[in-house]
Amino acid sequence: GMTARKTAQPKQTGASEASSGDYETKFAEFEYAIWHLGAAFARWRRDCLGSVSDVSLSSTEASILHAVHMNGTDKGLVDIGRLLHRDDMTNIQYGLKKLGQLGLIEKRGNSRKNMTYAVSARGDEIIGAYLEQRRKVLLRLFQQVAPDPDDLDTLILQMHVMIGIYDQSGDLIMNRQP
């Protein structure tokens, strides 16, 4: 007669636990890669600015200078915080003060409430040299990752979705509703 052969069926719970553990391990690697990318990006900005000027800026100060320069429009404190996706306004205020003391930005407006900032001629010169250096070095290399503007659009969209997930997760934890 025919004997029914039993096929090994993995238990659903065991399989999902194993894949969940694998996913969590991979996710930890992913987060380390984000940290490494953030650190590498901060070093790149520091080193690139250092190569085109004698000014020594922290990563935050460099970010603020770029944000103020963006689109050639004056920016207020809240605008800068929003552009940099930061809510630590005291650190941004400190950075603005230092950039002002270095002569890289100028205050516009006549009261604290409607105070805006613009890049000075010297700040504009430094950012221009930075952008030229970026064009010569970084863009050429980055085209190996995203050869086409559409490829960059895809990366940008994925990054914005991840930013949203992290922000929402933070909100859930702060509201104690995971």
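Working only within segment 99-135, note down all residues that are surrounded by 16 or more Cβ atoms within 10 Å (Cβ to Cβ), without any contact (Cβ under 8 Å) to a residue 40 or more places away in the chain and charged (D, E, K, R).
Scanning segment 99-135 gives a single hit, 106.
Go through segment 57-66 and count every residue that is over 16 Å from residue 129 (Cα atoms) and assigned to a helix (DSSP H, G or I). Step through it out loud before you land on a result.
Step one: filter segment 57-66 for residues over 16 Å from residue 129 (Cα atoms), giving 58-61, 64.
Pick out the ones that are also assigned to a helix (DSSP H, G or I) and you get 59-61, 64.
Result for segment 57-66: 4.
Residue check, residue 109 against (1) under 19 Å from residue 76 (Cβ atoms); (2) at pLDDT 95 or above, all met but one. Which one?
With (1) under 19 Å from residue 76 (Cβ atoms); (2) at pLDDT 95 or above applied to residue 109, the lone miss is (2).
Which ones in segment 6-55 are among the polar types (S, T, N, Q), modelled with pLDDT under 90, over 26 Å from residue 163 (Cα atoms) and surrounded by 10 or more Cβ atoms within 10 Å (Cβ to Cβ)?
Filtering segment 6-55 down to residues among the polar types (S, T, N, Q) leaves 7, 9, 12-13, 16, 19-20, 25, 51, 53.
With modelled with pLDDT under 90 added as a condition, the list becomes 7, 9, 12-13, 16, 19-20.
Those left that are additionally over 26 Å from residue 163 (Cα atoms): 7, 9, 12-13, 16.
If the condition is that a residue be among the polar types (S, T, N, Q), modelled with pLDDT under 90, over 26 Å from residue 163 (Cα atoms) and surrounded by 10 or more Cβ atoms within 10 Å (Cβ to Cβ), then 16 is the only one that fits.
May I ask you to list the residues in segment 17-54 that are touching an Asp or Glu at 6+ places or on another chain (Cβ under 9 Å) and not in a helix (DSSP H, G or I)? Step through it out loud before you land on a result.
From segment 17-54, those touching an Asp or Glu at 6+ places or on another chain (Cβ under 9 Å) are 52-53; that's our starting set.
Selection gives 53 alone.
For segment 139-178, name all the residues that are polar (S, T, N, Q) and either under 19 Å from residue 37 (Cβ atoms) or surrounded by 11 or more Cβ atoms within 10 Å (Cβ to Cβ) (or both). Outline the logic, then answer.
Filtering segment 139-178 for residues polar (S, T, N, Q) gives 143-144, 154, 158, 168-169, 175, 177.
143, 144, 154, 158, 169, listed by residue number.
Go through (1) over 20 Å from the mean Cα position of the chain (by Cα); (2) at pLDDT 95 or above; (3) over 26 Å from residue 48 (Cβ atoms) and name the single condition residue 128 misses.
That leaves (3) as the condition not met.
Would you be able to tell me the number of residues in segment 63-92 that are open to solvent by 40 Å² or more (accessible area, probe 1.4 Å), touching a Leu at 6+ places or on another chain (Cβ under 8 Å) and under 21 Å from residue 126 (Cβ atoms)?
1
The values are calculated or read from the model by the stated rules, or taken from the named source; none is laboratory data. This one's a predicted model, so the numbers in the text were calculated from it and none came from an experiment. Note that each Cβ is placed from the backbone with ideal geometry, even for glycine, and that neighbours are counted across all protein chains shown. When the accessible area is computed, the model is the full protein with side chains, heavy atoms only, and any ligands, DNA or RNA have been set aside. Shrake-Rupley method; radii C 1.70, N 1.55, O 1.52, S 1.80 Å.
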